[in-house]
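Visitor: Starting off with a structure, shown below.
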Amino acid sequence: MKNKKITIHDISKHLGIDSSTVSRALNNSERVSKKTKALILKTATEMGYQRNSLASKLRTNKSNTIGVVVPRISRHFFSSVIAGIEETAYDAGYDVMICQSLESFEREKKLIGTLHSNRVDGILISISMETNHYDHFDVYENHGSPILFFDRPCRLDKNTNVIIDDFKASFEATEHLIKAGKKHIVHLSGPQNLDLYKNRRGGYVSALKKHKLKIDESYILESQLMKEDGVSLSKKLLALPMVDAVFSANDTAAISAIQFLKEKGVRVPQDIAFVGFSNEPVSAVIDPSLTTVSQPDFEMGKVATTLLLKQIKDKSIINETRVLKPKLIVRDSSK
């Protein structure tokens, strides 16, 4: 049998059992007795039989595979979400195809097309920072397969989102700085085409309003919040008058800003206090440790996958938003 691809007919011939019975056994049909099924499965394994998953997909129009698109797998938040997705999908008998957009809209469009071509049964996606319209999802959804958005909500008429309460978390993060006596707080904001960053900015503004502090647009610095943005924004920050605190919409920009400011002789938190967002692992070990918002990332992956699998089975489940609770973790950067 060496170098020969084993087929159902080879197993049938070897056992002297009809090929249709072998096929049913390999598909776990109740029409085959447990004893016969066990014999066929044992023989198939010994002979090195491998199921033709592509042929099965074509026959059933179901792949038992879900696609996942994230901006960057290297981000701890997304890797933890993926862990939750994979655990839940595996328990339900589904495989997972993982892709990363690298925050590129064009790459995201191509990935949706690739997942569609591979007949995935559903897609979980956290959209890229460049995504500001959603036509590329239509082709996939028009074929009756669901797309579920997580972390970064999407404004469509009929869609499901699994998110955290970004507004409330940002309000509490900013209020924490205000209660520590800070009055001139800069916000490092993400692109405002994304509702996630709109909501984080909204929470910041709302906290300032509640405590009757001035809202100065020059204190809101927008970027893609990458490591290099933390440095460039810090240079702008130093040119602003009386800055005594920073609330950053992610940890990456906050950490690089702290490192740059320390090199310039700025003391954190004595001169400028910091709060980040997302609780990246490094935030606990830098000096000073970073106050940040912790997101239920693993739980988000599990909840999102559970909802998507329900949508795959019941196409009528739409327009549902699950909001998970974040938590402010106070560390040395704001004490």
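Visitor: Quick one: which residues, 5+ away or cross-chain, put their amide H under 5 Å from the amide H of residue 100? H built at 1.01 Å from N.
Guide: The answer is 70.
Visitor: Can I ask one more? Please label the shape of segment 197-248 as rounded, prolate or oblate, based on the square roots a ≥ b ≥ c of the eigenvalues of the alpha-carbon gyration tensor (a/c under 1.5 means rounded; beyond that, a/b larger than b/c means prolate, else oblate).
Guide: Note, shape of segment 197-248 comes out oblate.
Visitor: Could you give each residue of segment 64-74 its phi-based ³J(HN,Hα) in whole Hz, using Karplus coefficients 6.51, -1.76, 1.60 with θ = phi - 60°, and x for Gly or Pro?
Guide: My calculation for segment 64-74 gives 6, 9, 10, x, 10, 10, 10, x, 8, 5, 5 Hz in order.
Visitor: To the nearest 20 debye, what is the magnitude of the charge dipole of the chain about its Cα centre, counting +1 on the Cβ of each Lys and Arg and -1 on the Cβ of each Asp and Glu?
Guide: Roughly 860 debye for the chain.
Visitor: May I pose another question? Determine, from the Cβ-Cβ distance of residue 330 and residue 178 and an R0 of 22 Å, the FRET efficiency 1/(1 + (r/R0)^6), rounded to the nearest 0.05.
Guide: For residue 330 and residue 178, the calculated efficiency is 0.95.
Visitor: Can you compute the modelled spin-label distance between residue 259 and residue 72, with each label point 7 Å from Cα toward Cβ, in nm?
Guide: 1.2 nm
Visitor: Is the shape of segment 130-186 best called rounded, prolate or oblate, per the rule: a/c under 1.5 gives rounded, else a/b larger than b/c gives prolate, else oblate, with a ≥ b ≥ c the square roots of the Cα gyration tensor eigenvalues?
Guide: prolate
Visitor: For the chain, what is the mean residue ellipticity at 222 nm derived from helices alone (per DSSP H run of n ≥ 4: -39500 (n - 2.57); sum divided by total residues; nearest 500 deg cm²/dmol)?
Guide: -13000 deg cm²/dmol
Visitor: In Å², and per residue, what accessible area does the chain have when probed at 1.4 Å with the other protein chains present?
Guide: That works out to 49 Å² per residue.
Visitor: Divide the volume of the convex hull of the Cα atoms of the chain by its number of residues and quote the answer in cubic angstrom per residue.
Guide: Enclosed volume per residue, from the Cα hull, is 164 Å³.
Visitor: For the chain, modelled as a Gaussian network with Cα springs under 10 Å, which listed residue fluctuates most, 222, 299, 46?
Guide: 46
Visitor: Related question: Given springs between every Cα pair under 10 Å in a Gaussian network model of the chain, which of 323, 69, 22 has the largest fluctuation?
Guide: 22
Visitor: Next question, about the same structure. Apply the Karplus curve 6.51 cos²θ - 1.76 cosθ + 1.60, θ = phi - 60°, to the phi angles in segment 165-173 and return the couplings in whole Hz, x for Gly and Pro.
Guide: The phi angles translate into 7, 4, 4, 5, 4, 6, 4, 5, 5 Hz.
Visitor: Cut-off 11 Å, label point 7 angstrom out along Cα-to-Cβ of residue 321: give me the residues of segment 163-177 whose amide nitrogen falls inside.
Guide: 163-167
Visitor: Enumerate the residues in segment 62-91 having an amide nitrogen under 16 Å from the point lying 7 Å beyond the Cα of residue 114 toward its Cβ.
Guide: Only 66-74 pass the distance filter.
Visitor: Right, here's the next one. Quick one: which residues, 5 or more positions from residue 63 or on another chain, have an amide H under 5 Å from its amide H? H modelled 1.01 Å from N in the peptide plane, none for Pro or chain starts.
Guide: Under 5 Å from the amide H of residue 63 lie the amide H atoms of 121, each far enough along the sequence or on another chain.
Visitor: State to the nearest 20 debye the size of the charge dipole of segment 123-266 about its Cα centre, where the only charges are +1 on K and R beta carbons and -1 on D and E beta carbons.
Guide: For this selection, approximately 840 debye.
Visitor: Shifting gears a bit: With N denoting the number of residues in segment 164-210, provide Rg(C-alpha) divided by 2.2 N^0.38 Å, to two decimal places.
Guide: 1.08
Visitor: Of the candidates 31, 201, 75, which one comes out as most mobile in a Gaussian network treatment of the chain with C-alpha springs shorter than 10 Å?
Guide: Among 31, 201, 75, the largest mean-square fluctuation in the Gaussian network model of the chain belongs to 31.
Visitor: Quick check: with the 1.4 Å probe, what order do 188, 39 take by accessible area, largest first?
Guide: Greatest to least solvent exposure: 39, 188.
Visitor: Carbon and sulfur: what percent of the chain's accessible surface (1.4 Å probe)?
Guide: Carbon plus sulfur share of accessible area: 50 percent.
Visitor: If you take the square roots of the eigenvalues of the alpha-carbon gyration tensor of segment 58-116 and sort them as a ≥ b ≥ c, do you get rounded (a/c under 1.5), prolate (a/b over b/c) or oblate?
Guide: It is oblate, given that a/c is not under 1.5 and a/b is not larger than b/c.
Visitor: Given 0.36 nm per residue, what is the gain on full extension from residue 210 to residue 142 after removing their alpha carbon distance, in nm?
Guide: 20.0 nm
Visitor: Under 5 Å between amide hydrogens, which residues at least 5 positions from residue 329 or on another chain qualify, with H placed 1.01 Å from N in the peptide plane?
Guide: Residues meeting the amide H criterion: 292, 293, 294.
Visitor: How large is ³J(HN,Hα), in whole Hz, for each residue of segment 86-102 in order, when computed from phi with the Karplus curve 6.51 cos²θ - 1.76 cosθ + 1.60 and θ = phi - 60°, using x for Gly and Pro?
Guide: Residue by residue, segment 86-102 yields 5, 4, 5, 5, 4, 4, 8, x, 10, 8, 10, 9, 10, 10, 10, 7, 6 Hz.
Visitor: With Kirkwood's inverse mean 1/r over C-alpha pairs for Rh, give me the Rg to Rh ratio of segment 77-155, two decimals please.
Guide: With Rg and the Kirkwood Rh in hand, the quotient comes to 0.94.
Visitor: If you don't mind, another one. Can you send over the solvent-accessible area of residue 17, 1.4 Å probe, protein chains only, in Å² to the nearest 10?
Guide: 40 Å²
The values are calculated or read from the model by the stated rules, or taken from the named source; none is laboratory data. Because the structure is predicted, anything quoted here is derived from the model rather than measured. So basically every Cβ, Gly included, is an ideal-geometry build from the backbone, and we count neighbours across all protein chains shown. To get the accessible areas, we keep the full protein, side chains included, count just its heavy atoms, and leave off ligands, DNA and RNA. Shrake-Rupley method; radii C 1.70, N 1.55, O 1.52, S 1.80 Å.
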